[in-house]
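The values are calculated or read from the model by the stated rules, or taken from the named source; none is laboratory data. Note that the structure is a prediction, hence the values are computed from the model and not measured. A quick note on method: Cβ atoms are made from the backbone with ideal geometry, for glycine too, and the neighbour counts reach across all protein chains shown.
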Amino acid sequence: MHCVEEIKNGIYWMGCNDFRTEMFEHIFPLPFGISYNSYFIDDEKTAVLDAMDKSVRDEFLEDIEYLLKGRTLDYFFLNHMEPDHAGSILALVEKYPNVKIIGQAQTFKLFEQFYRHPMPNNYVAVKEGDQIKLGKHVIQMIKAPMVHWPEVMLAYDVTDKVLFSVDAFGMFGTSGNVYADQVDFERDYMDEFRRYYVNIVGKYGPQVVNVLKKMDGLPIEVVAPVHGLVFRTPETIQLIIHKYLHWAKYVPEQNGVVIAFASIYGNTERAACVLAHKLSLQGIRNIHLYDVSKVHPSFLTAEAWKYSHLVLAAPTYNLNLYLPMENFLHDLKTLQFQNRKIAVIGCHSWASAAQKTMIEYVEKKFKNCEVLGTPLDIRSSLKDEEEGILDSMAKTIAKSIAESPDPDSLV
Ligand SMILES: Cc1cc2nc3c(=O)[nH]c(=O)nc-3n(C[C@H](O)[C@H](O)[C@H](O)COP(=O)(O)O)c2cc1C
């Protein structure tokens with residue numbers, strides 16, 4: 001069996017969906033699975049760009065054999081050493097021992113660290129701008145450090161204007177289709193596309209901006225990532241570049257409020273829900289409530305990236321911030337979350353710590369973020385006569401949203 005499709009003259013997509021892996025990198029839940037793409041070029045010389053995870057190694061080798069039609073494999077482009085794209089390389093080299101492996105010196109070093117199997121006779125070291133001629137197809141190397149590892153190199157088919165973008169423009173999830181224009185991408189895939197970006201490369205905004213600058217100078221007709229759908233129409237390519245510009249510059253996509261709350265007994269939750277309704281009465285659209293104890297942080301960080309405003313509400317727990325909230329905020333800090341206004345609600349019964357810790361994250365650990373309005377620290381439960389505090393908070397947030405510039409004007 002095989003699962004391949006020609007995406008441009010002599011360039012083939014090979015795709016495997018993986019519904020068995022529960023968590024990507026053993027940390028990110030995969031409710032819709034994950035897919036691995038690899039690409040084959042049929043020319044005077046044959047080439048494979050990127051390998052696949054070892055969980056789909058047999059299918060990967062089967063597709064290559066089918067496309068080679070009895071020929072041998074001349075080149076393998078090792079664009080990224082991470083095992084979900086390199087896990088099948090040893091098997092590939094065992095099958096095609098004379099294959100030339102294209103990569104950077106740094107890539108080969110990582111290869112040997114992981115696989116303890118030096119193959120210096122197979123290596124062809126390349127640098128930024130080098131071109132490999134396969135025949136009609138000429139492949140140009142474009143460095144993309146930290147998108148999402150230091151050795152990442154994109155490959156650009158100069159002849160057919162295809163950008164093999166490695167993890168850039170990848171996504172969580174799977175599809176029965178190959179191209180983004182064959183599905184309702186914005187409606188059905190954007191959330192997993194965003195969650196992938198934020199959690200996998202979100203920390204490296206400046207490096208992503210550099211890649212986008214390099215792309216700006218290239219005519220691109222197809223963007224072919226290693227996970228998810230392929231982009232071949234000007235509309236879908238423009239859409240993903242537009243989204244990446246927002247995300248990489250830490251500019252929200254739209255105005256709205258994410259209320260991330262934690263609660264042991266329900267009092268902080270109640271305050272969060274009442275605040276949400278007060279915001280709604282203020283005419284605010286797109287208010288999203290999330291219980292951080294129930295929703296994996298990878299979904300929460302993606303939502304925080306999407307919207308302009310954030311509310312954090314959590315109780316004190318053993319003289320600390322309640323752990324699921326701490327996890328979420330730690331994640332945001334690690335991902336270099338920035339440029340947001342954030343309201344804070346703490347809750348405690350005898351010795352407060354949560355409110356102070358959340359304020360510290362906003363003011364000291366996040367970049368260019370500020371606490372919005374007067375933070376609240378509930379004593380066990382909010383009394384009826386204190387509800388006015390939530391009214392003021394809702395008004396402050398609504399005013400801030402009204403005064404926020406159109407996010408599109410910032411990219
Ligand atoms: C294991 C445990 C530890 C707690 N530690 C503290 C604490 O250190 N300081 C404090 O003021 N309250 C502490 N609390 C109490 C809660 O923070 C407090 O009752 C709060 O109002 C609960 O809000 P909630 O109803 O939203 O869960 C603790 C509660 C539990 C279950």
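When the strands (runs of 3 or more DSSP E) confined to region 30-80 are screened for residues that are free of Cβ contacts under 8 Å to residues at least 40 places away in the same chain, those reaching at least 2 such residues are found at 34-42. Within region 336-358, the set of residues being of a type in the set (Val, Ile, Thr) and within 16 Å of the ligand (Cβ to nearest atom) comprises 344, 345, 357. Being within 16 Å of the ligand (Cβ to nearest atom) and assigned by TED's automatic domain parsing to the domain that holds residue 366, is that true of even one residue in region 299-311? Yes, some residue in region 299-311 is within 16 Å of the ligand (Cβ to nearest atom) and assigned by TED's automatic domain parsing to the domain that holds residue 366. In region 261-297, the residue that is surrounded by the most Cβ atoms within 10 Å (Cβ to Cβ) out of those that are aliphatic (A, V, I, L, M) and more than 26 Å from residue 404 (Cα to Cα) is 262.
All conditions but one from (1) crowded, with 24+ Cβ neighbours inside 10 Å; (2) of a type outside the set (Asp, Glu); (3) in contact with a helix residue (DSSP H, G or I) (Cβ under 7 Å, 6 or more places away or on another chain) apply to residue 79; the one that does not is (3).
Set side by side, the residues 183, 166, 208, 198 differ, and just one is over 13 Å from the mean Cα position of the chain (by Cα) and modelled with pLDDT of 95 or more, which is 183. The single residue among 146, 171, 141 that is crowded, with 19+ Cβ neighbours inside 10 Å and closer than 18 Å to residue 207 by Cβ turns out to be 141. Scanning region 251-281 for residues that are within 16 Å of the ligand (Cβ to nearest atom), hydroxyl-bearing (Ser, Thr, Tyr) and either under 30 Å from the mean Cα position of the chain (by Cα) or assigned to a helix (DSSP H, G or I) (or both) gives 263, 268.
Scanning region 121-152 for residues that are of a type in the set (A, V, I, L, M) and out of contact with any strand residue (DSSP E or B) (no Cβ under 8 Å at 6 or more places or on another chain) yields a count of 1. Just one of the listed residues (364, 383, 399, 395) is within 16 Å of the ligand (Cβ to nearest atom) and out of contact with any strand residue (DSSP E or B) (no Cβ under 8 Å at 6 or more places or on another chain), namely 383. Quick one: in region 116-138, of everything that is under 28 Å from residue 212 (Cβ atoms) and of a type in the set (D, E, K, R), which residue is surrounded by the most Cβ atoms within 10 Å (Cβ to Cβ)? Top of the filtered list is 130.
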